Amino acid sequence: MSTTTTRRMRTAAALAAATALLAACGGGGASGDDTISIVGFAVPEAANAAIADEFSDTESGAGVGFRTSYGASGDQSRAVVDGLDADYVHLSVATDVERLVDAGLVEETWDDAENKGIVSTSIVVLGVRDGNPKNIQGWDDLIRDDVEIVTPNPASSGAARWNALAAWGHVTENGGSEEEAAQFLDDLFANVVSLTNSGRDATQSFLGGTGDVLLAYENEAILAAQNGNGFEYVIPETTLLIENPGAVLTEAAPITDDWLEFVLSPEGGQRQFALNGFRPLNLDDPGVVDLSEVGLEASDIEGAADADDPFPAVTNLLTLEDNFGGPGWGGIVDQLFADGSEGEAGVVTQAIEKSGKATQ
């Protein structure tokens, strides 16, 4: 049996499992049986819109409408807890879905399928100005005295947490101590000149002329190029696989189960994610992108740094599961991002406070 056939079978199995797990999530959704209310973090808005267009052309999706709300992942998660209508959430980090589980809005089994609840993936990259005038080649260049950085705020943005964890892992997963990693984060945030609410806001700040380097999702750089606002980007030798979760709410309209199945399907949602700069899911090897699995060729991906290899392999690709005690964020959340209200503040929280940018 070929590798391609095996991967398709594994993906199909994951889809079947996800559908089975979500079968109990029916009910009269807040948006009505023919409308799906999507609440998401800001970055995948364009991709989800493209997926919705494709879904509308399927038998299941014919006549289905959509209502959408996008913003910073943490803010969106808290808004749903506070009553924002949602049938499906597409958030940046799993902890923002777990908040909904704790509130009784999402089933505890939401991440039990083979895809572990993940619907979209990307990597952390370093966006730079045209021609890379500061000669940024990797993480260590970001703590030079002549470099100014744009990144979102971990207090509201999931993208910011991926960025910070990638920076932490650059040190700890290459032989450095946690003390050295903490110092690296202190030095990095000392160079931050724009600490925005969301990943999309950070991109807009950078495009507006702020900073020398943007900590960003790879797909944000590709999408910006597709929209005529491109910037160059560097993939560090060590970077982090970004894994964004999606989940159906317990009171969702029944059609939302079909939507999630389509989002996960190789030639449905995953194809559209790839066309919008995300790395399509690979359940066998997250570090490998096989565009043929989603019916595409390299030339179909516009805006990538290398048209012949739009999603290149990373020399040292870190993942939550392999490097940080996952699946899920586990104790790394408190270690890095605790706000200090119930004990010692996390390493990243302290770094931001030391930088004087905590109120930005």
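The values are calculated or read from the model by the stated rules, or taken from the named source; none is laboratory data. All figures in this text were calculated on a predicted structure; none of them were measured in a lab. Please note: Cβ atoms are built from the backbone with ideal geometry, for glycine as well, and neighbour counts cover all protein chains shown.
When the stretch 40-67 is filtered for residues that are among the β-branched types (Val, Ile, Thr) and surrounded by 16 or more Cβ atoms within 10 Å (Cβ to Cβ), the ones remaining, listed by number, are Val43, Ile51, Val64.
Right, Ala202: touching a residue at least 24 places away in the same chain (Cβ under 8 Å) and either assigned to a loop (DSSP other than H, G, I, E, B) or farther than 17 Å from Ala160 by Cα (or both) or not?
On the way: touching a residue at least 24 places away in the same chain (Cβ under 8 Å): yes; either assigned to a loop (DSSP other than H, G, I, E, B) or farther than 17 Å from Ala160 by Cα (or both): no.
Criteria not met by Ala202.
Of the candidates Glu321, Glu297, the single residue that is out of contact with any strand residue (DSSP E or B) (no Cβ under 7 Å at 6 or more places or on another chain), modelled with pLDDT of 95 or more and either over 24 Å from Gly269 (Cα atoms) or not hydroxyl-bearing (Ser, Thr, Tyr) (or both) is Glu297.
Scanning the stretch 254-271 for residues that are among the β-branched types (Val, Ile, Thr) and outside any helix (DSSP H, G or I) yields no hits at all. Sort out which residues of the stretch 335-344 are at pLDDT below 90 and out of contact with any Ser or Thr (no Cβ under 7 Å at 6 or more places or on another chain), and write them in order of number. Within the stretch 335-344, Ser341, Glu342, Gly343 qualify.
Report yes if some residue within the stretch 226-246 is under 15 Å from Ala50 (Cα atoms) and either at pLDDT below 95 or not assigned by TED's automatic domain parsing to the domain that holds Pro152 (or both); otherwise report no.
Yes: the stretch 226-246 contains one or more residues that are under 15 Å from Ala50 (Cα atoms) and either at pLDDT below 95 or not assigned by TED's automatic domain parsing to the domain that holds Pro152 (or both).
For the stretch 49-93, residues that are under 13 Å from the mean Cα position of the chain (by Cα) and at pLDDT 95 or above total 3.
The stretch 41-150 holds helices (runs of 4 or more DSSP H) entirely within its bounds, and those carrying 3 or more residues that are closer than 28 Å to Ala351 by Cα and not assigned by TED's automatic domain parsing to the domain that holds Thr210 map to 73-81, 94-102. Residues that are within 15 Å of Gly138 (Cβ to Cβ) and either part of a helix (DSSP H, G or I) or free of Cβ contacts under 8 Å to residues at least 24 places away in the same chain (or both) within the stretch 219-244 are absent altogether. Looking at this structure, is Ala94 of a type in the set (A, V, I, L, M), surrounded by 19 or more Cβ atoms within 10 Å (Cβ to Cβ) and closer than 20 Å to Val263 by Cα? Yes; evaluated as a whole, the condition is true for this residue. Scanning the stretch 143-160 for residues that are more than 14 Å from Ala42 (Cβ to Cβ), buried (at least 24 other Cβ atoms within 10 Å of the Cβ) and of a type in the set (A, V, I, L, M) yields Ile149, Val150.
Checking the conditions here, which among Asn163, Asn191, Asn219, Asn174 is surrounded by fewer than 24 Cβ atoms within 10 Å (Cβ to Cβ), among the polar types (S, T, N, Q) and either under 21 Å from Gly287 (Cα atoms) or within 21 Å of the chain's Cα centre (by Cα) (or both)?
On the way: Asn163 fails: surrounded by fewer than 24 Cβ atoms within 10 Å (Cβ to Cβ); Asn191 fails: either under 21 Å from Gly287 (Cα atoms) or within 21 Å of the chain's Cα centre (by Cα) (or both); Asn219 fails: surrounded by fewer than 24 Cβ atoms within 10 Å (Cβ to Cβ).
Sole residue among the options that is surrounded by fewer than 24 Cβ atoms within 10 Å (Cβ to Cβ), among the polar types (S, T, N, Q) and either under 21 Å from Gly287 (Cα atoms) or within 21 Å of the chain's Cα centre (by Cα) (or both): Asn174.
Of the residues making up the stretch 275-327, just one is hydroxyl-bearing (Ser, Thr, Tyr) and surrounded by 13 or more Cβ atoms within 10 Å (Cβ to Cβ), namely Thr319.
Taking the listed residues Ser77, Ser92, Ser73, the one that is free of Cβ contacts under 8 Å to residues at least 60 places away in the same chain and either touching a Leu at 6+ places or on another chain (Cβ under 6 Å) or not hydrophobic (A, V, I, L, M, F, W, C) (or both) is Ser77, with no other qualifying. Just the residues that are under 20 Å from Ala47 (Cβ atoms) and of a type in the set (S, T, N, Q), please, taken from the stretch 198-230. Answer for the stretch 198-230, where residues must be under 20 Å from Ala47 (Cβ atoms) and of a type in the set (S, T, N, Q): Ser198, Thr203, Gln204, Asn219, Gln226, Asn227, Asn229.
Taking the conditions exactly as written (part of a loop (DSSP other than H, G, I, E, B), acidic (Asp, Glu) and either crowded, with 19+ Cβ neighbours inside 10 Å or at pLDDT 95 or above (or both)), does Glu251 satisfy them or not?
Numbers: part of a loop (DSSP other than H, G, I, E, B): yes; acidic (Asp, Glu): yes; either crowded, with 19+ Cβ neighbours inside 10 Å or at pLDDT 95 or above (or both): yes.
Criteria met by Glu251.
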